[in-house]
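Here's the structure we're looking at; comments come further down.
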Amino acid sequence: MDKTRKISRFLDPELLASLSNLEIKARTVVEGMIEGQHKSPFKGFNVEFSEYRQYVPGDPLKDIDWKVYGRTDKFYIKEHEQETNLSGYMILDTSGSMSYKGSGSLSKLDYASTLAASLSYLMLRQQDSVGLLTFADGISKIIRPRTGIAHLKTICNELDNIKATEKTNIGESLDIVGQTMKKRGIFVMFSDLMDDAEVIINKLRQLKSRRHEIVLYHILDSDEIRFPFDEMTIFKDLEDKSEITTDAFSLRNEYLTRIRQMINTFRSALRKSGIDYLLANTSMPLEANIRSFFTRRQAILER
Amino acid sequence: MNFASPWFLLGLLGIAIPIWLHLFFQKTPVMKDFPSLRLIMKSVEYLSHQRKIRNLILMALRIALIFLAVMALARPFIGQSAGAGVSSSAPTAFVILLDNSMSMGSTYQGVSVFNTARARALDILDQMNPSDKATIGLINEPGGLVFPQLTWDKEALRQSINNAKLTAAGTDIASAILPALELLVPLTGYKRTIYVVTDMTESAWKPFVEKYDLERIDKGIDLVMVPVGGTAPENMAITNLETDASVVMLGRKVPLKLTIANYTNKKQIAKVSISINGERRIGTDIEVEAGSEKISVLDCSFSKTGMNHLEASIQGDALPLDDTRHLAIRVFEPCKVLLIKPDNVNNTENNDDIFIKFALNPLNKSKENIFVVESRLTSEITNVEPSNYSAVILLNQRHIPEVFIKKLSEYVLAGGNLVTFLGDRVEPDWYNKYLSDNLGGGYLLPARIFKRVGNSVSKAVGYQLTDIDLGHPAFSIFGKDGNGDPSRAKIYEFFQVRPNPTAMMLCRMSHGLPGIIEEKRGRGRSLLVTFTPDNRWSDWPIKPTWLPFLHQSLIAMVTANDLTINGARPGMIISATLNATADNKVTLKRPDGSIENVDGLTLTKGILHFTTKNTNMPGYYELAVGNKLVSAFAINPPAEESRLTRINLRKIPRFIPLEQEVGKGKSVKEKVTILRDGYDMSGIAIWLLLLLALIEGFFANKPIDERVKNPI
């Protein structure tokens, strides 16, 4: 229990925010997880136990399972299945709305970047190839998928240099992603989805129809989810700089209704299409989000 | 609306407080960056409409709260009608019009309707405040105000109501309402009301409503109807008693027309009793269908000459005043007529009077005849006294003695009747000089005479009578079909005459010249016929219309001075002329036996002009000069008053009903107070205030949107 609490402390966003280097952040997150669990939940990513079969002459003796022999007096060979490499694409929304930093210590973009880096690190450790694609009003940067842990540095350098300023055009960006990334792989998208929901859902469905596996992290700040404002407020849009003056207190219920409707809309529509939807609250520890991803990934590999 | 405490209305300024709060207590907004306004925009759009409505409702509720609080303190009175636009503290000027016409004499549920009306009037008067002023009016015929001006003397008003008497008169609503309006219209600083306490008989109200546009009455004056009585009681009445006989002769049967009305819902038998001078003569039963009138003809005869009192009555019912009816009838002895015919020439008997004698009294019997004719030659008349005759007829005279002319002139002025027939003996110059121009005592003829027209020998041209005045009693009989046509007679010769300015032309010749002229002289009359009364100048004397003309002319002249008053109603002014001097004592005996000395008579040319308006009492009135009964007349209640059907109140515009049902609802006193001051609304205002305060509290604390119970 103490160790778990320690890990959680490591993965706490406030602590991560104090680390300036994203690679270090990623490593901290992942190593913390592994160290804390001793036995990686992702063990056997490459070499997976498949089945037992009876020993036949010619089989290597090292594959004989002596424990079974001790119980049964029979020679059984323990067979393993070799896993192929997986191409992963970290697709990061860098629009202005992602720069929002509420009462927490990380902005939505920082949180998404850390999450992307962490996942990249884990995938690279397991011999998967990982690429990076950032977008806002269009595609900003593409790093092709590569294997090897050294590639993490490239990805983290790019993530460190991202600045959120532009407006969002998720639909058009996903069009380009579909045209660019033709090799089948797993797309991990980080976005606050502040665009037309119907367009986003349609584009993701199109992407899915090209046999890509898609995991969507819906990055929302705690302020967006709980709307803790209660006074007359001039709200200023981070993307188009428009303003609106309203009584936040009286608006709260209606806003919460709409955000819940929005989340439910995405969740139900995407799940129907076989797209994994994960709501990522920036005030929550990263561990849960990473664990969710790998649970999904395992399910994907078993299909 | 009026206010008991109007100074509290200043509190209405407090309405500005919620408005000020609404406008100036808005929070100063803080700036806040937000990822995307997409959802906020949608939420704001959704809520802004609701919020706007809620804010307006809250503001309205708060304004209403302050308004009601102010109203509760200011004590508004609504519902009052009197004095719209006048301060609530203004005094009241009002008129109580009490219907005391005959129909009010009925009973309803055993109680006199008139007594009920007086009680209602007293109830209204009780609500009079010291600063109010009022007057009392009576609705009858003619109605009017008891006090011509409004007065503060409540006790005097009370006395006038207590002293008001039921009359047998009709209902002249306008005669009371119009002077009441004249009094109230200028008093714009007062609450003004006219209360009409009446039984609302349709026969009285319907003509009033049709004649006057009540909507034009000053809207600041309230017209309040206080109905008394209830459903119309069953009533029977004698609505008419008359005789068609132009003259009633002693001992001769006279047909009496008696009209009995049955205003009940079933057939009734009227037990009719007719008495003459207090002596019962006829008793009979007459059956009358429901809701109808029946005219019965009963024969009766009179045994006394002069004025007779005829009284018809039926059994009593709910309205006793219309169960008896009176008639004054003068009974004549046969009228003596003096015919003055020209002297005989060469001892040949003069037959100028033959047609007249034959027409008036063929056998010259005095008994049962209207006329008794006495013929005298011109030479025989010097000592004859004309006043012994009802009429004198001059037939084709050349000259008559001046002594007789003087007698004749005095006779006519005193009420005698002169008929002059012209003929071949007439000398126009002498006639004009002695009978027309002699102002000293002559001036007997109604026209000056000129020349003869036509030729009775050749009879070449036969003139006809035209422009016959069928309204004159002499010719009125020919106005009915089947009674003949005088214009069929031919006049071959006649005198051209020029009528006096005050003469009446009874007919003309067919080419326009006057034919028969009549003029009133003093109390008498003079009739001039421009042709002969025989068949020399005309064939009229042998026509069937000659006899009725002669009869009617003389009867009309003989009875002209009678006080013939038909249809006289209570309250009517009765006028008459009497042969008397200023020294004569004139008295009027009223139906109740009381004798009134009539003063202030005006004397003109030896004739007293008598006028009285003390005719409120129905019955038989006798007029005497000295101790001699000279005339009489009857006063009867108006027939329409017997119909007690009530008019629907909705058919009377502008009138506000103020009814009181025994043992139910508010009393007349309470209703008068409400009408004048209105309902006190402060209690309702307080309850509304509490209710609105609850609603405001609920609204103010209710979130606009409660859809999210469990946020994410």
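Given R₀ = 25 Å, what would the calculated FRET efficiency be for B:Thr673 paired with B:Trp152, taking r from the Cβ atoms and rounding to 0.05?
0.85
Assign one of three labels to the protein assembly as shown, namely rounded, prolate or oblate, based on the Cα gyration tensor with a ≥ b ≥ c the square roots of its eigenvalues; rounded applies when a/c is under 1.5, prolate when it is not and a/b is larger than b/c, and oblate otherwise. Please report the intermediate quantities before stating the final value.
Working: a/c = 4.92, a/b = 4.01, b/c = 1.23.
Taking the square roots of the gyration eigenvalues as a ≥ b ≥ c, the protein assembly as shown is prolate.
Quick one: which of B:Lys165/B:Lys271; B:Lys206/B:Lys480; B:Lys211/B:Lys257; A:Lys108/A:Lys203 span more than 27 angstrom between C-alpha atoms? Please list the in-between numbers first.
Values: B:Lys165/B:Lys271 29 Å; B:Lys206/B:Lys480 34 Å; B:Lys211/B:Lys257 32 Å; A:Lys108/A:Lys203 23 Å.
From the list (B:Lys165/B:Lys271; B:Lys206/B:Lys480; B:Lys211/B:Lys257; A:Lys108/A:Lys203), the Cα-Cα distance tops 27 Å for B:Lys165/B:Lys271; B:Lys206/B:Lys480; B:Lys211/B:Lys257.
Compute the length gained on full extension between B:Ile15 and B:Asn162: take 0.36 nm times their separation in residues and subtract their Cα-Cα distance, giving the result in nm to one decimal.
Extra length available between B:Ile15 and B:Asn162 comes to 47.5 nm.
So if I place +1 on the C-beta of Lys and Arg and -1 on the C-beta of Asp and Glu, and nothing else carries charge, what would the dipole magnitude of chain B be about its Cα centre? I want it in debye, nearest 20.
2060 debye
Going toward the positive end of the dipole of chain B, with +1 on Lys and Arg Cβ and -1 on Asp and Glu Cβ, which of B:Phe355, B:Gly697, B:Tyr195 do you reach last?
In chain B, that residue is B:Gly697.
Cα gyration tensor of segment B:380-485, axes a ≥ b ≥ c as square roots of the eigenvalues: rounded (a/c below 1.5), prolate (a/b > b/c) or oblate?
Details: a/c = 2.22, a/b = 1.34, b/c = 1.66.
Since a/c reaches 1.5 but b/c is at least a/b, the shape of segment B:380-485 is classed as oblate.
Calculated from DSSP H runs of 4 or more alone, at -39500 (n - 2.57) each and per residue, what is the 222 nm mean residue ellipticity of chain B, nearest 500?
-7000 deg cm²/dmol
Straight-line reach from A:Lys67: which lysines fall under 28 Å, measuring Cα to Cα and dropping same-chain residues less than 8 apart?
Qualifying lysines at Cα under 28 Å: A:Lys39, A:Lys43, A:Lys78.
Considering amide H positions built from the backbone, and no H for Pro or chain starts, which residues 5 or more places from A:Leu216, or on another chain, come under 5 Å of its amide H?
Sorted by chain and number, the residues that satisfy this are A:Met189, A:Asp276, A:Tyr277, A:Leu278.
Check A:Lys141: other-chain or 5+ apart residues with amide H under 5 Å from its amide H, H built from backbone geometry?
A:Thr134
Report the one residue of B:Pro514, B:Ser387, B:Gly454 whose Cα lies farthest in the direction of the positive end of the charge dipole of segment B:335-559 (charges on C-beta: Lys and Arg +1, Asp and Glu -1; origin at the Cα centre).
Going by the charge dipole, the pick is B:Pro514.
Which pairs break 27 Å Cα to Cα here: A:Lys208/B:Lys42; A:Lys62/A:Lys183; B:Lys520/B:Lys628; A:Lys101/B:Lys52?
Numbers: A:Lys208/B:Lys42 30 Å; A:Lys62/A:Lys183 38 Å; B:Lys520/B:Lys628 25 Å; A:Lys101/B:Lys52 33 Å.
Pairs exceeding the cut-off: A:Lys208/B:Lys42; A:Lys62/A:Lys183; A:Lys101/B:Lys52.
For B:Asp153, what charge total do you get from the other residues with a beta carbon under 12 Å from its beta carbon, if Lys and Arg give +1 and Asp and Glu give -1?
+1
Tally Lys/Arg at +1 and Asp/Glu at -1 over every other residue whose Cβ is under 12 Å from the Cβ of B:Asn100; what's the total?
Numbers: positive: B:Arg118, B:Lys165; negative: B:Asp99, B:Glu141, B:Asp172, B:Asp199, B:Glu641.
Once all neighbours under 12 Å are counted, the net charge is -3.
So which lysines can B:Lys191 reach, going by Cα to Cα under 21 Å and dropping same-chain residues fewer than 8 places off?
Leaving aside lysines fewer than 8 places away in the same chain, those within reach of B:Lys191 are B:Lys133, B:Lys154, B:Lys219, B:Lys669, B:Lys671.
Would you mind ranking B:Asp323, A:Asp240 by Cβ crowding within 10 Å, fewest neighbours first?
Exposure proxy ranking, most exposed first: A:Asp240, B:Asp323.
Using a ≥ b ≥ c from the Cα gyration tensor of segment B:335-559 (square roots of the eigenvalues), is it rounded, prolate or oblate, where a/c under 1.5 gives rounded and otherwise the larger of a/b and b/c decides, a/b for prolate?
Rounded is the answer for segment B:335-559, as its axis ratio a/c remains below 1.5.
Give me the dipole magnitude in Debye, nearest 20, for segment B:236-332 about the Cα centre, with unit charges on the beta carbon: positive for Lys and Arg, negative for Asp and Glu.
320 debye
What whole-number distance in Å separates the alpha-carbon centres of segment B:399-453 and segment B:465-518?
The two parts, judged by their Cα centres, are 20 Å apart.
Show the residues, 5+ positions off or on another chain, whose built amide H is closer than 5 Å to the amide H of B:Leu339.
Amide H neighbours of B:Leu339: B:Glu374, B:Ser375, B:Arg376, B:Ile393.
Whole-Hz ³J(HN,Hα) for each residue in segment B:299-313, computed from phi via Karplus 6.51 cos²θ - 1.76 cosθ + 1.60 with θ = phi - 60°, x for glycine and proline: what do you get?
Karplus-based 3J(HN,Hα) across segment B:299-313 equals 8, 8, 10, 10, 10, 10, 7, x, 7, 10, 9, 10, 10, 10, 9 Hz.
Just the number, please: percent antiparallel of the DSSP beta bridges in chain B, rounded to the nearest 5.
DSSP beta bridges in chain B are roughly 65 percent antiparallel.
Let's test this: bin the Cα-Cα distances of chain B at 10 Å from zero up to the farthest pair and state each bin's percent.
3, 11, 15, 15, 13, 11, 9, 7, 5, 4, 3, 2, 1, 1, 0, 0
With 10 angstrom as the radius, rank B:Thr231, B:Thr545 by how many other C-beta atoms surround their C-beta, starting from the fewest. Could the numbers behind the result be given before it?
Values: B:Thr231 10, B:Thr545 19.
Result, fewest neighbours first: B:Thr231, B:Thr545.
What distance in nm separates the two pseudo spin-label positions at B:Ser387 and B:Asp429, each 7 Å out from Cα along the beta-carbon direction?
The modelled label-to-label distance comes out at 3.6 nm.
Only four residue types carry charge here, +1 at the Cβ of Lys and Arg and -1 at the Cβ of Asp and Glu. Report the dipole size of segment B:335-559 about the Cα centre in Debye, rounded to the nearest 20.
Details: 26 positive and 23 negative charges, 41 e Å.
Dipole size: approximately 200 debye.
In sequence order, what are the phi-derived ³J(HN,Hα) couplings for segment A:240-257 according to the Karplus relation 6.51 cos²θ - 1.76 cosθ + 1.60 with θ = phi - 60°, rounded to whole Hz, with x for glycine and proline?
Residue by residue, segment A:240-257 yields 9, 6, 6, 10, 8, 9, 7, 8, 4, 4, 6, 7, 3, 4, 5, 4, 4, 4 Hz.
Rounded to whole Hz and in sequence order, give me ³J(HN,Hα) for segment B:668-679 from the Karplus expression 6.51 cos²θ - 1.76 cosθ + 1.60, θ = phi - 60°, writing x for Gly and Pro.
4, 4, 5, 5, 5, 5, 5, 4, 7, 9, x, 8
What is the distance, in nm, between label points placed 7 Å from the Cα along the Cα-to-Cβ direction at B:Lys267 and at B:Ile354?
For B:Lys267 paired with B:Ile354, the spin-label model returns 6.0 nm.
Would you mind ranking B:His511, A:His151 so that the residue whose beta carbon has the fewest other beta carbons within 10 Å leads the list?
In increasing order of surrounding Cβ atoms, one gets B:His511, A:His151.
What net charge do the residues around B:Thr171 carry, taking every other residue with its C-beta under 12 Å from that of B:Thr171, with Lys and Arg at +1 and Asp and Glu at -1?
-4
Values in this text are rule-based calculations from the coordinates and carry no lab data. Computed from a predicted model, the values in this text were never measured in an experiment. With ideal geometry, Cβ positions are generated from the backbone for all residues, glycine too; neighbour counts draw on all protein chains shown.
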